[in-house]
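Asker: Dumping the structure here so I can ask a few things about it.
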């Protein structure tokens, strides 16, 4: 009888030990500090120098796209049209993932020709952005940057215009001054 009880108790004890470890090491529900967008200095398609300061003071939709993908250009145009039509207080910036600042003039001219009808800044990639770019697996990928230069929310991959709009509205509402004040008040009350 004792031998049979051991076969039952041993697996149960092991199961409870695993559950206890998972509970003790479970991530907390506290809000994490957003990651800052990597420091960079690059050029846009017009040849102007652009740094992280481009994010200062404005909510930004950053669209990583490639020149070989016509759907990416269509997505950029749809987002730009939405911004103008809705009067959304934000900026949209393109990041051309397959055109580097060190590429030859022909490749940059091709990118200029492709993006000529898209009225938003188009940044060229460089080594300053390498760590960030290695985290992105597909194009287009849309990232959201708050007015403090921090990546927020979840990136959206693909041509999900409605999802991008929905996430933009959610993040902008969460980052509004009234939402931040409410969060600070709740934090002080809970202390």
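The values are calculated or read from the model by the stated rules, or taken from the named source; none is laboratory data. Since the structure is predicted, the reported quantities are computational estimates derived from the model, not experimental observations. Don't worry about glycine lacking a Cβ; one is built from the backbone with ideal geometry, like all the others, and counts go over all protein chains shown.
Asker: Grab the strands (runs of 3 or more DSSP E) fully contained in the range 41-92, keeping just those with 2 or more residues being touching a residue at least 24 places away in the same chain (Cβ under 8 Å).
Answerer: 41-43, 60-65
Asker: Does the range 28-38 include one or more residues that are within 22 Å of residue 140 (Cα to Cα), modelled with pLDDT of 90 or more and crowded, with 18+ Cβ neighbours inside 10 Å?
Answerer: no
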